[in-house]
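The values are calculated or read from the model by the stated rules, or taken from the named source; none is laboratory data. All values derive from a computational prediction rather than experimental measurement. Reconstructed Cβ throughout: ideal geometry from the backbone, glycine too, with neighbour counts over all protein chains shown. Each accessible area value is taken on the protein alone, full model and side chains, heavy atoms only, with ligands, DNA and RNA left out. Shrake-Rupley method; radii C 1.70, N 1.55, O 1.52, S 1.80 Å.
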Amino acid sequence: MLTKPTNIETVELRTLKSEDYNDLKSAMISAYSAMGESYWREKSIEKLIEIFPEGQLCVEINGRVVATALSIIVDYDKLGPNHTYAQATGNYTFNTHTYDGDVLYGIEIFVHPDFRGLRLARRLYDARKALCENLNLKSIILGGRIPNFEKHSHLTPRQYIDKVKMKEIYDPTLTFQISNDFHVKKILKNYLPEDQQSKQFATLLEWNNIYYVDEEKDNLLKKSTVRIGLVQWQMRLFPTVTDLMESAEYFVDAVSDYSSDFVVFPEFFNAPLMADYNHLGEAKAIRELAHHTEYIKNRFCELAVSYNVNIITGSMPLLEDEKLYNVSYLCRRDGSFDRAIKIHPTPSEIHSWGMSGGNELKVLDTDAGRIGILICYDSEFPELARMLALEKMDILFVPFWTDTQNAYNRVRICSQARAIENECYVAITGSVGNLPKVNNMDLQYAQSAIFSPSDFAFPSNAIVGETTPNTETILIADVNLDLLKELHEFGSVKNLKDRRTDFYELSLKKKAK
C-alpha cells in the first residue's frame, strides 16, 4: 500500500505508461476498499494505452502514481443513452473505441485515499476537458456512481440527486462531478450490477464542449474575434441625398480600412435632409424623408459589398401600408440584407410624426456572429433584449438619437444592463451637433460605446471602449465571442441559465417575424 509522503516534492500530470501498473493497482484497491479488491487487470490497461494512449491520464507524486483517469472515444449515437457500463466498454474489450466517434467516454477515475484533498481529481478532469477540446469532441460522457445512496434508502434516485444538487446530502462522487460543471442527463439502472453502495443505480453525466465544431454542418468559418466600428456622426446640412451618402461612404471606407466586421450608424443619421421640407410641418417632413429610404438602403448594400464590411444603417423612416415606421437595415457584405423595426416609438415620435411601432423581432445571422438590433428607446425595454438573447444573440446593436444628457443616460445605462443580464455585447452609437433648421431634431447629445458582460474575462468596468462625448469620431474595438461561450457555461453568475422558468416565463403575443 502507498503511504502519503511527509513532504510532497513533485506533482506531475501525464499520460499513463505500462510500467505504472503496480502503482495503479495498489491505488485502485485502496480507493475501492468498500467494493472488495476491485482493480483493472494489467492486460486491460495495456490495451487502453495501445488503442488510445492520450486518453489514459495519471498524477504522479514523488515518483508514484496515486490517481488515474481512463477514457475512450465512442460514437454516442450507436451507444445510445440507455446503456450499461459493459456496453460502453464493449464488455471490457474496448472495441467500442473509435477515433471517428464524437464523445469522450470516461470509464474510470480514482484517487488513492491518502492523497485526497489535494485536488488531484480536478487536475484529471481539467486534463480530460482539454483533451475533449483538442480532439474536437462534442462532450464528455460518463456513468457516475452514487455511493452514499445506500444510506438514504427512503429516497428515490431522483430525490437523492436533487438533494445532492441542493447540498442537503453529500455524495463523494456526484457532488464533485456537479462542482466540475457536469450535469445529470438521466438515471441509469443496472449500470454497474456489482455496485451495491449505489444500489445498482448510476447517473449519466455530461460536460459539453462549447468549442465543438461540426465540420459537416458548419461550412462557414465562424469568427471568434469580431471588430466593431461605431460612427459618432456629426449632424450637418447636406444639399442632396447623394452628398449625404458620400459622407457616409467616407466613414465606411475609414472603418473598413481597419478590417472591421461591422460599421454602425446612428438613428436618423439622415435627418439633415428634412431641412428642405421644414416648411411642410413635422409630420409631412418626416414622410418626405422616407422617400429617400429605399435609395439609402440600396446604396449601403453596395458599400457593404465593395468595402467588405457588414453595415448597420442606423435608422430611417419607412412608409409601409400607409403607416410610418422607424427601420434599421443590416446590409451584409455578401449582398443580402435584413431589417429591424423600432417596436416602441418615443412619445415625441408618436405625437410629432404619427410613428407606429413594429411587430418584428428576430436575431439576424451574419458571418461575424448572431446579432440583434434595438433602436434607441427599445433598449429601455428589457423583455426585447432577453427574447433575442434566448435565440443566442452575441451582439446587440443600439443606434440611438438623444437630445439631452438625461435622455442619453437612459439609453446608455439600460444598454449596459442589457449586456450584463443577457451575457452579450452591446454597441450603441449616436449623433452629435445641432440642426437648427430641422424641427424636432435640432439638438444632439451622444457618447458612443461598446459594453460587455461583467465578469473576470471582461473589462473591470464592463466597457470595451467609448468615444469622447459630442465629437464626430469613430470607435474601433474588438470583442471576443468565445468569452461569451465560456461565460454562459462557467461564469461567476449565469443570468440566462439561472432564470426561474418554473416560476415565470416570457413570450410574444404577436408572432415575431
*Kindly establish whether GLU133 is in contact (Cβ under 8 Å) with a residue 24 or more places away in the chain and over 17 Å from LEU174 (Cα atoms).*
yes
*Quick one: would you say LEU318 is in contact with a Phe, Trp or Tyr (Cβ under 7 Å, 6 or more places away or on another chain), open to solvent by 10 Å² or more (accessible area, probe 1.4 Å), at pLDDT 95 or above and not acidic (Asp, Glu)?*
yes
_Filtered residues of the stretch 390-436 (kept if farther than 16 Å from ILE375 by Cβ, assigned to a loop (DSSP other than H, G, I, E, B) and in contact (Cβ under 8 Å) with a residue 60 or more places away in the chain)_ = LEU390, ASP394, GLU423, CYS424, LEU435
*Scan of the stretch 389-416 for residues that are surrounded by fewer than 18 Cβ atoms within 10 Å (Cβ to Cβ) and touching a helix residue (DSSP H, G or I) at 6+ places or on another chain (Cβ under 7 Å), ordered by number*: ARG410
*Could you tell me whether any residue of the stretch 174-192 is without any contact (Cβ under 8 Å) to a residue 12 or more places away in the chain and of a type outside the set (S, T, N, Q)?*
no
*Across the stretch 335-349, which residue is surrounded by the fewest Cβ atoms within 10 Å (Cβ to Cβ) among those that are in contact (Cβ under 8 Å) with a residue 40 or more places away in the chain and outside any strand (DSSP E or B)?*
SER348
*Does LEU280 meet the test of being open to solvent by 10 Å² or more (accessible area, probe 1.4 Å) and either at pLDDT 95 or above or among the aliphatic types (A, V, I, L, M) (or both)?*
yes
_Filtered residues of the stretch 465-493 (kept if in contact with a Leu (Cβ under 8 Å, 6 or more places away or on another chain) and either farther than 30 Å from LEU443 by Cα or open to solvent by 70 Å² or more (accessible area, probe 1.4 Å) (or both))_ = GLU466, HIS488
*List, please: which pairs have Cβ atoms under 6 Å, are six or more places apart or on different chains, and start with a residue in the stretch 16-30 that is closer than 14 Å to PHE115 by Cβ and end with one that is hydrophobic (A, V, I, L, M, F, W, C)?*
ASP23/VAL65; LEU24/VAL65; SER26/LEU2; ALA27/VAL66; MET28/PHE110
*Out of the residues in the stretch 173-209 that are over 34 Å from the mean Cα position of the chain (by Cα) and on the phi > 0 side of the Ramachandran plot, which is surrounded by the fewest Cβ atoms within 10 Å (Cβ to Cβ)?*
ASN190
